[in-house]
Amino acid sequence: MSEASELDQDFDLIIVGGRPAGASLAARLGGQGLRVLVLDKASFPSRPPVSAPFVLPHAMALLDELELDEAEYAADTPRMHEFVLEFGGYFRAWIGFEPLAGRDYVYAVDRARFDHCLWRKLARVPGVITRERARVTELIREADRVVGVRVALPDQDEPRSVRARAVIGADGRRSLVARSVDAEVTVERRDVDTTIYYAHWEGVAPYQDGPTIAHIHASCDGFSFVFMPSADGQVMVLAQGRSDYWGALEGSPAQIYEGLLRARPAVWRRLAGARRVSELSGMKRVGNLFRAPAGPGWALVGDAYHQKDSLDAQGIYDALLGAKLLATQLRRWHAGDLSWDQAVANYGAAAHAALAPMFEATMDRVKRELYDEPPPFVAKTILRWVLTHPDYARRFSDLATRRREPEGFLTPGVLLGLAARGAAGRLRARLRGGADRTDPL
């Protein structure tokens, strides 16, 4: 069968978007008797317009379920067992990772390599057909129901129609599927908007001697900076700030980005001898929202459904988890156990229950870390006592890998206990004398 004639059949599902959400959804449905077509406007390997590179142990556990090879998706990428948070010039907090799925480390993957690994996986999945450089131009409807797409293919002069029982939008923040069905925004936070820009660098000085670590510098003035060691010796360097503060700065995004880096000695000391090797990428305003998850003949997954600030490093995990939850219901729909409306209602309820608590926790964290500027006395005392305590590090690790519910992360009682124990520990350290790794550099 030719590539063109393969698209003449009616599919059970057309998935628009073949990056983590769409590709993992197709991988979970393959071999289950569904005929699935995955369309992506990009060619692979390529990086998405804006990438979330962190893969934490709980995300790797979901990748294990897809039988993806860690040595392939994280090839030539350093394992990071720890990260350091520099809180202005006040103190440093060190956070490690408790083992989960046999891993006590994280990656900052090269998204071109990672996404290509997922895309190649689909070639081995029965029932799944993929097309790259395939740009969906519109949805096909009959009455009020979505029944297919019009897609422009590189080897055809005009867009062609492809039909399916349903269409899934896994096409990112600016989802064409979501816009075409006028998916309602059901939850949105605009009070903690941030702007992010990042690029890949070579020749970045190590943070210190010893193992590779991720490095976060919160400058306590509405901006923060992240060094993410990635594949092939490159480091992704991200600058993030309050959108209102960023918007008040003059110059192009590249000029502002470099100016912010240079203005902070703790950041620029690592970049003074380095060179930027990629184009600058980013967003002027990071969306924080939920859309309606589904409707007649359509559903949304990944960033098309749910978006939040990258501060919590949950983007890839959220995409993989949402795809798993949707796949569970679509298999029941295909088997005839549920109607479409029942299946997508179940998916919407499960996805919101799984994602909403972390969404609210992340909004609170953005407010604390970027919008609230603590007085120096508070930073030097209470914040240092809490954030540098080993119990806080363990609780944060459990929160980041979703082993702890956000609701109980930092209750007033927990904060009081951490502050008291942290103050006592700080006093003992000062009486002992010598080096204290929580002291600022």
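The values are calculated or read from the model by the stated rules, or taken from the named source; none is laboratory data. All values reported here derive from a predicted model rather than from experimental measurement. Note that each Cβ is placed from the backbone with ideal geometry, even for glycine, and that neighbours are counted across all protein chains shown.
Can you name every residue in the range 210-259 that is part of a loop (DSSP other than H, G, I, E, B), closer than 27 Å to Pro375 by Cβ and among the hydrophobic types (A, V, I, L, M, F, W, C)? Answer for the range 210-259, where residues must be part of a loop (DSSP other than H, G, I, E, B), closer than 27 Å to Pro375 by Cβ and among the hydrophobic types (A, V, I, L, M, F, W, C): Cys220, Ala248, Leu249. For Glu132, the conditions (1) touching a Phe, Trp or Tyr at 6+ places or on another chain (Cβ under 8 Å); (2) crowded, with 17+ Cβ neighbours inside 10 Å; (3) more than 17 Å from Pro57 (Cα to Cα) are fulfilled apart from (2). Here Tyr317 clears all of (1) among the hydroxyl-bearing types (Ser, Thr, Tyr); (2) closer than 23 Å to Leu62 by Cβ; (3) over 19 Å from the mean Cα position of the chain (by Cα) except the condition numbered (3). Residue pairs whose Cβ atoms lie under 8 Å apart, sitting 6 or more positions apart in sequence or on different chains, and linking a residue in the range 244-273 that is free of Cβ contacts under 8 Å to residues at least 60 places away in the same chain and over 21 Å from Ile216 (Cα atoms) to a partner that is assigned to a loop (DSSP other than H, G, I, E, B) and of a type in the set (Asp, Glu), are Asp244/Asp193.
When Ala350 is tested against the conditions (1) of a type in the set (A, V, I, L, M); (2) under 20 Å from Lys308 (Cα atoms); (3) surrounded by fewer than 18 Cβ atoms within 10 Å (Cβ to Cβ), the lone failure is (3). When the residues of the range 88-124 are filtered to those that are of a type in the set (Asp, Glu) and outside any helix (DSSP H, G or I), the one that is surrounded by the most Cβ atoms within 10 Å (Cβ to Cβ) is Asp110.
The set of residues in the range 172-209 that are surrounded by fewer than 22 Cβ atoms within 10 Å (Cβ to Cβ) and among the polar types (S, T, N, Q) comprises Ser180, Thr186, Gln208.
Elements of the type helices (runs of 4 or more DSSP H) sitting completely within the range 5-80 and holding at least 1 residues that are free of Cβ contacts under 8 Å to residues at least 24 places away in the same chain: these cover 70-73.
Go through Gly169, Gly148 for me and flag whichever is modelled with pLDDT of 95 or more, in the same structural domain as Gly17 (by TED's automatic domain parsing), buried (at least 21 other Cβ atoms within 10 Å of the Cβ) and touching a helix residue (DSSP H, G or I) at 6+ places or on another chain (Cβ under 7 Å). Working first, answer last.
Values: Gly148 fails: touching a helix residue (DSSP H, G or I) at 6+ places or on another chain (Cβ under 7 Å).
Being modelled with pLDDT of 95 or more, in the same structural domain as Gly17 (by TED's automatic domain parsing), buried (at least 21 other Cβ atoms within 10 Å of the Cβ) and touching a helix residue (DSSP H, G or I) at 6+ places or on another chain (Cβ under 7 Å) holds for just one of Gly169, Gly148, which is Gly169.
Inspect the range 368-387 for any residue being in a loop (DSSP other than H, G, I, E, B), among the aliphatic types (A, V, I, L, M) and either more than 24 Å from the chain's Cα centre (by Cα) or over 23 Å from Gly241 (Cβ atoms) (or both) and give the result as yes or no. I'd like the intermediate steps shown before the answer.
The initial filter retains those residues of the range 368-387 that are in a loop (DSSP other than H, G, I, E, B), namely 372-375.
Checking which are among the aliphatic types (A, V, I, L, M) leaves us with none.
No; the residues of the range 368-387 include none that is in a loop (DSSP other than H, G, I, E, B), among the aliphatic types (A, V, I, L, M) and either more than 24 Å from the chain's Cα centre (by Cα) or over 23 Å from Gly241 (Cβ atoms) (or both).
Can you find even one residue in the range 79-101 that is of a type in the set (Lys, Arg) and touching a strand residue (DSSP E or B) at 6+ places or on another chain (Cβ under 9 Å)?
Taking the range 79-101 first, the residues of a type in the set (Lys, Arg) are 79, 92.
Now restrict to residues that are touching a strand residue (DSSP E or B) at 6+ places or on another chain (Cβ under 9 Å): 79, 92.
Within the range 79-101, one or more residues are of a type in the set (Lys, Arg) and touching a strand residue (DSSP E or B) at 6+ places or on another chain (Cβ under 9 Å).
Selection of the range 306-343 for residues being part of a helix (DSSP H, G or I), closer than 26 Å to Phe11 by Cβ and of a type in the set (Ser, Thr, Tyr) yields only Thr328.
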